[in-house]
Amino acid sequence: LAKSCPGQETVTLYLRGVALRGRRPRPAPPSTSPPPASTSHPIKQEDNLTETRLVSHSQITRLYSRFTSLDKGENGTLSREDFQRIPELAINPLGDRIINAFFPEGEDQVNFRGFMRILAHFRPIEDNEKKSVAVSEPLNSRTNKLLFAFRLYDLDRDDKISREELLQVLRMMVGVNISDDQLGSIADRTIQEADTNGDNSISFNEFIKVLEKVDVEQKMSIRFLH
Amino acid sequence: MSFFSRGVVCDVAQRTRGSSLHRLSTCGSHRFCRGLNSPFTQPVVGAGVLPHLSFNQQVWECLLLCVHILLPCVKHYSKIQILQSCFLNTFSECFFSVLIKWATSRMEKEAKEKNQQLYKPCSNGIIAKEQASSLQQEIQELRGSPSGLPSVPEFELADIFYFCRTGVESILDDEVTKRFSAQELEGWNLLTRSNYNFRHISVRLTVLWGLGVLIRYGVLLPLRVTLAVVGICLLLVLTTLVGFLPNKEFYLSEKVHLMCYRICVKSLTAIITYHNRENKPKTGGICVSNHTTPIDVIILANDGCYSMVGQVHGGLMGMIQRAMVKSSHHIWFERSEVKDRHLVAKRLSDHVADKTKQPILIFPEGTCINNTSVMMFKKGSFEIACTVYPVAIKYDPRFGDAFWNSSKFGLVSYLLRMMSSWAVVCSVWYLPPMNREEGEDAVQFANRVKAAIAAQGGLVDLIWDGGLKRAKVKDAFKEEQQKLYSEVLVGGQETGD
């Protein structure tokens, strides 16, 4: 599927024997002049991975290095135990839910592509990307960041946060320090404030509406170096 | 006179004079030139002046280095030879630094020519971490409310963002897991073991690397192994002999121990710089240090006599332990006794109370850490009422990484790796003695000592436990986080009522 485009070079990047090919885009026109962090490199030409437009070459290599250092079994995939070995993640009250987000439905292993997909959600939104007309929405858009957070609440993926799901997350976050009754009333109040169509659960649109004033772009973004 | 006895005679002469004359021992030639500032402790002068040495010059310097290593093994070590050796020492360190810089810059140049990306592990980390602010502050910011706890328990759906982001940040870059593997270098020092992502770039570099392999495995390794074997045999034989003497002849046993450790140090080509030797541990105290490798023991024992503390092993280690105990006092615990904290504390206190016995050497981290940080000190050794002498040890990773990754290598293969790298270069700082203050408990005291060691050695001071290498983190920490968050939720209500 190699498209022959003049002005594009194929850069072969070797990472411990795994060849990842990327294509350097044409130099951007002087008016937009994007900052270096947002140069786009598709990892593989044959896959239409628009989400991986979001990370540059050096970031990919650093992420891969991190991926292999976490992969103690050295089989090219990460399991849940590999994540739980990180102490700072193990003490995070929502650590298990975050780990779950990396694994697709019913699977126990995540490969590097899957790893990067999730991490791409946390890339900051660059100004020029907001203006660009993308074919499909990039993974780090505001909506997709909110969807990621929504899925942390919505465990059964029915696109609704029910009272039980909300209670579960609350219990994870406070531990044993708050009584059931108090927690229940907190949950009821939250659903009451957010629910607009009266079905006693929070849908994704209601979720977006509640959080419209929150600076999601900044709070759910991690700045990558280089 | 033979090579070994000369060392003993020199030390005898120095001791009887009772002055602090620098010891002119045969094995301590590198310490003789401590007066010249070792290039290790100063920025390398040569690198900026001579960026690209010619190939011939490098080969010549390689040969000079070999001569330097071989020199101490020659008998009749005269003063001229000592001077020569110390000059070579300084020169060889310069040479190494220049070589490493040259190798890395060549790789970068060639990579650029071929338009390849040269991956260099960066010590800065993958992500830019924000200023560490408390959970409370972050959640207040999220809610956009002014400082101060809310008057009614308030939960916002947005609170989850804080946990989400910190969780993913820790997946990308955390403080703990990277301490349990060897430190990544910015350049390449011609050792394949520290070659993470560099690939074949040029023939010239490969040739130099090949030459390095030849020298390291063909010349240095056999010499070093021989020296090590000699050192260990001598230790076993001489300490047993001294043990037969009446009253264990404390003075002689000290000499024997020091001599054998010096041979071992030479067998590793350890270039050690001791700083602030006036703060050396004295009897009736405990010496604590950061732990990177089992070689730490040899490096410290090279400069003074300590009583070791440890578990009884079998095999060769067990033989060495039994031999050492015959001529001086060491504290070896049986496996079953290790669990009994009171017994351990009692034996240590008894040893410390006896003023004739040497200071105890303890590594409170309990495990090997990769020399970029100092992890939690176990409080057991700080509960004993005596003076603590902190020592900071910092290795220079450019010459060969000294960290022992016990999950990857056994002890013997680790020692062989050490003997087949270029050298072990390190700095030892003796810090002023510390005592537990009024109203300070053991944990606070331990943290104070740890902070002092970390500051001196340029290491990161962490509160995490080194035991996390193998064990899971305790639930208590998670509960702490949950408690903090629930205070944000309901804390305001309690104060409001």
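Excluding B:ILE160 itself, what net charge comes from residues whose Cβ is under 13 Å from its Cβ, given Lys and Arg +1 and Asp and Glu -1?
Result for the local shell: +1.
Stretch A:ASP215-A:GLU105 to full length: gain in nm at 0.36 nm per residue minus the Cα-Cα span?
Contour length minus Cα-Cα distance gives 36.6 nm.
Describe numerically, in nm with one decimal, the distance between label points set 7 Å from Cα along Cα→Cβ at B:ILE463 and at A:GLN84.
With each label placed 7 Å out from Cα toward Cβ, I get 2.5 nm.
Which whole number gives the average count of other chain Cβ atoms within 10 Å of the Cβ atoms across peptide A:60-71?
What the average comes to for A:60-71 is 4.
Going by average Cβ neighbours within 10 Å, how do the peptides B:262-271, A:165-174, A:189-198 rank, with the highest at the top?
Order by mean packing, descending: B:262-271, A:165-174, A:189-198.
Find the relative contact order for the stretch B:198-469 and round it to a whole percent, using C-alpha pairs within less than 8 Å whose residues are 6+ positions apart. Write down the numbers at each step before the final one.
On the way: 446 pairs, mean separation 67.7, N = 272.
For the stretch B:198-469, the relative contact order is 25 percent.
For A:ARG157, B:ARG417, write out the residues from largest to smallest accessible area, computed with a 1.4 angstrom probe and no ligands counted.
A:ARG157, B:ARG417
With every protein chain kept in the model, how would you rank B:HIS275, B:HIS257 by accessible area, 1.4 Å probe, largest at the top?
Order by accessible area, largest first: B:HIS275, B:HIS257.
Quick one: divide the alpha-carbon radius of gyration of the stretch B:199-270 by 2.2 N^0.38 Å and tell me what you get. Can you show the working numbers first?
Details: Rg = 19.3 Å, N = 72, 2.2 N^0.38 = 11.2 Å.
Against the empirical 2.2 N^0.38 Å value, I get 1.73 for the stretch B:199-270.
How many partner chain Cβ atoms sit within 10 Å of a residue's Cβ in peptide A:80-87, on average, as a whole number?
Taking all residues of A:80-87 together, the mean is 5.
Am I reading the A/B interface right? What is its buried accessible area, both sides, 1.4 Å probe, to the nearest 100 Å²?
Chain pair A/B: roughly 5400 Å² of buried accessible area.
From zero up to wherever the largest Cα-Cα distance of the stretch B:198-469 sits, split into 10 Å bins and tell me the percent of pairs in each.
In order of increasing distance, the bins hold 6, 27, 35, 22, 7, 2, 0 percent.
Please compute the average number of Cβ atoms from other chains found within 10 Å of each residue's Cβ in peptide B:436-442.
That average works out to 0.
Give me the number: length gained by fully extending B:THR283 to B:VAL229, i.e. 0.36 nm times residue separation minus the C-alpha to C-alpha distance, one decimal in nm. Walk me through the numbers before you get to the answer.
Values: separation 54, 0.36 × 54 = 19.44 nm, distance 3.06 nm.
Full-extension gain reported as 16.4 nm.
Translational diffusion coefficient, Stokes-Einstein: compute it for the stretch B:356-482 using the Kirkwood radius over C-alpha pairs as Rh, at 20 °C and 1.002 mPa s, and state it as an integer in µm² s⁻¹.
Details: Rh = 16.5 Å.
It diffuses with D of about 130 µm²/s by this estimate.
Could you give the accessible area per residue of the stretch B:198-469, probe 1.4 Å, as a whole number in Å²?
41
Return the subset of B:LYS280/B:LYS394; B:LYS357/B:LYS450; B:LYS280/B:LYS472; B:LYS379/B:LYS469; B:LYS379/B:LYS474; B:LYS282/B:LYS346 for which the Cα-Cα distance in this structure is over 28 Å, preserving the input order.
Table pairs above 28 Å Cα-Cα are B:LYS280/B:LYS472.
Would you tell me the accessible area of B:GLU383, worked out with a 1.4 angstrom probe on the heavy atoms of the protein chains, in Å² to the nearest 10?
The accessible area of B:GLU383 comes to roughly 90 Å².
Using a 1.4 angstrom probe on the protein heavy atoms only, line up B:LYS346, B:LYS394 by accessible area, largest first.
From most exposed to least exposed: B:LYS346, B:LYS394.
How much solvent-accessible surface does A:LEU152 expose, in Å² to the nearest 10, with a 1.4 Å probe and all protein chains in place?
10
Given R₀ = 60 Å, what would the calculated FRET efficiency be for B:GLU141 paired with B:LEU214, taking r from the Cβ atoms and rounding to 0.05? Display every interim value, and only then the final one.
Working: r = 60 Å, r/R0 = 1.01.
It comes out at approximately 0.50.
The values are calculated or read from the model by the stated rules, or taken from the named source; none is laboratory data. Treat the numbers as computed from the prediction; the structure is a model and nothing was measured. For neighbour counting, all protein chains shown are included, and Cβ atoms are generated from backbone atoms with ideal geometry for every residue, glycine included. Surface accessibility is based on the protein's heavy atoms, side chains included, excluding ligands, DNA and RNA. Shrake-Rupley method; radii C 1.70, N 1.55, O 1.52, S 1.80 Å.
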